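The values are calculated or read from the model by the stated rules, or taken from the named source; none is laboratory data. Note that the coordinates shown come from a computational prediction; the quantities given were computed from them, not determined experimentally. Here the Cβ positions follow ideal geometry from the backbone for every residue, glycine too, while neighbour counts run over all protein chains shown.
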Amino acid sequence: MLHARDIVLANRLDGVSAAFAPGWITAICGPNGAGKSSLLSVLAGLVTPEEGSVAIERDAIAAMAARQRARTIGYLPQSPEIAWDVSVETLVELGRLPWRGGPLARRHGDASDDAAAIEAALDAMELHQLRERPLSRLSGGERSRALMARVLAGQPEWILADEPLANLDIAHQLALLRLLRREADAGRGIILVMHDLSLAMNYADEVLVLESGRRATMGPPRDALSDDVVRRVWGVDARWHGSIPDASLSFAALKDDG
Ligand SMILES: Nc1ncnc2c1ncn2[C@@H]1O[C@H](COP(=O)(O)OP(=O)(O)OP(=O)(O)O)[C@@H](O)[C@H]1O
């Protein structure tokens, strides 16, 4: 389990506690400014909270060496900055950096492991045709897929992604969610910041709802995104119409009647 305990971050998070399970997809939802990105960066160990702690099982992430943390947690920020205009393939290769060198490299990260992980990530994000293309010549969605491929190439135990679906067309959104489901089934913990409540309802195992820096609720999607919660937290009058058998997505799952 990944435990966040009583996280306080000035004006951003106000005593948030939550436990995230490996093998599950957990969605973090909430209005703009609720603290979703802030919480994700604290969970990833990139921002140190003023109070509270984050631990994976008994290991405090603040005490982990940078390399160990990078092997354990793959983090996709909301608006990643890319310093160099490298090719897609080079970007994805950078995802293997935590496995190069260091005492565990022989056991976990020889060259053939690197190559296999890179090919699998390019494959998963359908990037083979674009592998030599510089990032500056990609569309927004292609760039997002390349950045996700970098995370996948690192084969982390936990994937923490901030709005990974935002730039993707619906087919690629569903493909990524199916892929993340397979990663979860393989035992990885998946934590996604998501705005699309229909997708969270359809694909998450658990939903954490944040409101003004606090935990509003956490639980199975039908409870955490109940009509009452959506009305109270988002101020939207919405109805869940249930999932449609054999459909990848129930389009009108959450309908605003306002
Ligand atoms: N680096 C920062 N320093 C101080 N305050 C920040 C910083 N980043 C964000 N904030 C503020 O903290 C609050 C939470 O921001 P955060 O980005 O975590 O929200 P969010 O739920 O991810 O929002 P969104 O849905 O708009 O992406 C907001 O009021 C925001 O203005």
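What the table shows:
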quantity	calculated
Any hit, segment 52-66, residues being assigned to a strand (DSSP E or B), modelled with pLDDT of 95 or more, within 16 Å of the ligand (Cβ to nearest atom) and over 19 Å from the mean Cα position of the chain (by Cα)	yes
Helices (runs of 4 or more DSSP H) completely within segment 133-213 that count 3 or more residues being within 16 Å of the ligand (Cβ to nearest atom)	197-203
Residue tally, condition in contact (Cβ under 8 Å) with a residue 12 or more places away in the chain, surrounded by fewer than 20 Cβ atoms within 10 Å (Cβ to Cβ) and not β-branched (Val, Ile, Thr), over segment 42-67	10
Filter pass, residue 170 being surrounded by 18 or more Cβ atoms within 10 Å (Cβ to Cβ) and in contact (Cβ under 8 Å) with a residue 12 or more places away in the chain	no
Residue within segment 79-100 that is of a type in the set (Val, Ile, Thr), touching a strand residue (DSSP E or B) at 6+ places or on another chain (Cβ under 6 Å) and without any contact (Cβ under 8 Å) to a residue 60 or more places away in the chain present	no
Some residue of segment 76-90 being surrounded by 22 or more Cβ atoms within 10 Å (Cβ to Cβ) and closer than 26 Å to residue 166 by Cα	yes
Tally of residues being part of a loop (DSSP other than H, G, I, E, B), within 13 Å of the ligand (Cβ to nearest atom) and closer than 23 Å to residue 205 by Cβ across segment 6-42	4
